[in-house]
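The values are calculated or read from the model by the stated rules, or taken from the named source; none is laboratory data. Just so you know, these numbers come straight off a predicted model, no measurement behind them. Glycine also receives a Cβ, built like all others from the backbone with ideal geometry; neighbour counts cover every protein chain displayed.
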Amino acid sequence: MNAPYIPGGWQSRFTRQISRFLARDEIQFDLDHAIVSISFDDFPKSAVSEGAPALEARGWSGTYYASAGYLGQTTHHGTMFDAEDLQRLELGGHEIACHTYEHLDCAKASSAEVISSLEHNERALKELGVKQTLSSFAYPYGETAPAIKTALASRFQTLRGVRPGIMRGRADRNLLPAVGIDGGDAGIQRAIEAAESLAHHPGWLVLYAHDIQAEPTEWGCTPHDFERVLAAIDRSGAQVLTVRDAYAALSGEPT
Ligand SMILES: [Zn+2]
């Protein structure tokens, strides 16, 4: 089992803060109903075996941010995805999206290194049979820097982080906020409350999950907790769309 990498240090904290305010590219929107996007990062097989059927049972599709360097590996999240999982997800109408190949910390890499890594990822996923164009990207660990935001903006429609938030009226497409379906009881409660808040105050909520298993990591959740979050989304009356389709609906740009 690989020990998880934890990004940190004062430089990271500083870069994380200024990245919120610089290199922004805002879309503005006026919503009369809420939109929720459910995403999975990296991703472990349990995100497919537990996550995809739970979404499909409600007629929903998810967004899977894949790091091809994890293919067939075992990490702290458990066994990671393989080519069959990608095929199964595409057949099921889910979005395959881009992470970096080796899950690098983008705040500590040059633009050239990040681009080389994500291009490696795109090539690898294509070789594994992925047919769709990858139009959504998530920063591993949510870490980025203003120069990285600018360098990636022309390559993807959206770039997602992990800072919690709900987009209401506007969104920085170069750093979308997202709420984790993780963190034990307190974290799950936060995700449920975020979904419930949409019923009276529409917005675009992006959620992200990792492993879904009986004994989850702190970045994962149990199948029961995942269901509780989906039930809260259901109750809110939100429309559930992939990140790609939600962005298209909100920005008016074609996918
Ligand atoms: Zn990740």
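Could you check how many residues of segment 184-209 are part of a strand (DSSP E or B) and not β-branched (V, I, T)?
Going through segment 184-209, the residues part of a strand (DSSP E or B) turn out to be 204-209.
Imposing the further condition that a residue be not β-branched (V, I, T) reduces the set to 204-205, 207-209.
Final tally of qualifying residues: 5.
What are the pairs, 6+ residues apart or on separate chains, where a residue within segment 12-24 that is within 16 Å of P140 (Cα to Cα) has its Cβ under 7 Å from a residue that is of a type outside the set (A, V, I, L, M, F, W, C)?
Partner pairs satisfying both residue conditions: S12/E143; R16/E143; S19/T144; S19/P146; S19/K149.
Do we find a residue being away from the ligand (no atom under 14 Å from the Cβ), of a type outside the set (K, R), in contact with a strand residue (DSSP E or B) (Cβ under 7 Å, 6 or more places away or on another chain) and closer than 19 Å to T217 by Cβ anywhere in segment 27-44?
Within segment 27-44, one or more residues are away from the ligand (no atom under 14 Å from the Cβ), of a type outside the set (K, R), in contact with a strand residue (DSSP E or B) (Cβ under 7 Å, 6 or more places away or on another chain) and closer than 19 Å to T217 by Cβ.
Quick one: in segment 56-73, which of the residues that are within 18 Å of Y247 (Cβ to Cβ) and more than 16 Å from the ligand (Cβ to nearest atom) is farthest from the chain's Cα centre (by Cα)?
W60
Kindly evaluate N174 against the criterion of being more than 16 Å from the ligand (Cβ to nearest atom) and either small (G, A, S) or touching a strand residue (DSSP E or B) at 6+ places or on another chain (Cβ under 7 Å) (or both). So that I can check it myself, show each step before the final result.
On the way: more than 16 Å from the ligand (Cβ to nearest atom): yes; either small (G, A, S) or touching a strand residue (DSSP E or B) at 6+ places or on another chain (Cβ under 7 Å) (or both): yes.
Yes: the conditions hold for N174.
Output the residue which, of all residues in segment 234-255 that are hydrophobic (A, V, I, L, M, F, W, C) and touching a Lys or Arg at 6+ places or on another chain (Cβ under 8 Å), is nearest to A57 (Cα to Cα). Explain how you work it out, then say what you get.
The first filter runs over segment 234-255 and keeps only residues hydrophobic (A, V, I, L, M, F, W, C), leaving 238, 240-241, 243, 246, 248-250.
Now narrow it down to the ones that are touching a Lys or Arg at 6+ places or on another chain (Cβ under 8 Å): 240, 243.
Numbers: V240: 13, V243: 19 Å.
Across segment 234-255, the extreme among qualifying residues is V240.
Please specify each residue of segment 210-255 satisfying the condition of being in a loop (DSSP other than H, G, I, E, B) and either among the β-branched types (V, I, T) or touching a Pro at 6+ places or on another chain (Cβ under 7 Å) (or both).
Step one: list which residues in segment 210-255 are in a loop (DSSP other than H, G, I, E, B), which gives 210-211, 213-220, 222, 237-238, 241-242, 252-255.
Answer for segment 210-255, where residues must be in a loop (DSSP other than H, G, I, E, B) and either among the β-branched types (V, I, T) or touching a Pro at 6+ places or on another chain (Cβ under 7 Å) (or both): H210, D211, T217, T222, T242, T255.
Any residue in segment 54-64 that is touching a Pro at 6+ places or on another chain (Cβ under 8 Å), among the β-branched types (V, I, T), crowded, with 23+ Cβ neighbours inside 10 Å and modelled with pLDDT of 95 or more?
Here is the first cut: in segment 54-64, the residues touching a Pro at 6+ places or on another chain (Cβ under 8 Å) are 54.
Subsequent filtering for residues that are among the β-branched types (V, I, T) retains none.
Checking segment 54-64: not a single residue is touching a Pro at 6+ places or on another chain (Cβ under 8 Å), among the β-branched types (V, I, T), crowded, with 23+ Cβ neighbours inside 10 Å and modelled with pLDDT of 95 or more.
Being β-branched (V, I, T) and within 23 Å of W60 (Cα to Cα) is the filter; apply it to segment 94-144 and report the residue that is nearest to the ligand (Cβ to nearest atom).
Here is the first cut: in segment 94-144, the residues β-branched (V, I, T) are 96, 100, 114-115, 130, 133, 144.
Now restrict to residues that are within 23 Å of W60 (Cα to Cα): 96, 130, 133.
On the way: I96: 14, V130: 17, T133: 20 Å.
It comes out as I96.
Take the conditions away from the ligand (no atom under 16 Å from the Cβ), surrounded by 11 or more Cβ atoms within 10 Å (Cβ to Cβ) and either closer than 18 Å to L152 by Cα or modelled with pLDDT under 80 (or both) and apply them to A23. Does it pass?
On the way: away from the ligand (no atom under 16 Å from the Cβ): yes; surrounded by 11 or more Cβ atoms within 10 Å (Cβ to Cβ): yes; either closer than 18 Å to L152 by Cα or modelled with pLDDT under 80 (or both): yes.
Judged against the criteria, A23 is a match.
Could you list all residues from segment 60-93 that are of a type in the set (G, A, S) and free of Cβ contacts under 8 Å to residues at least 40 places away in the same chain? First the steps, then the outcome.
Keep residues of segment 60-93 that are of a type in the set (G, A, S), which gives 61-62, 66-69, 72, 78, 83, 92-93.
Selection gives G72, G93.
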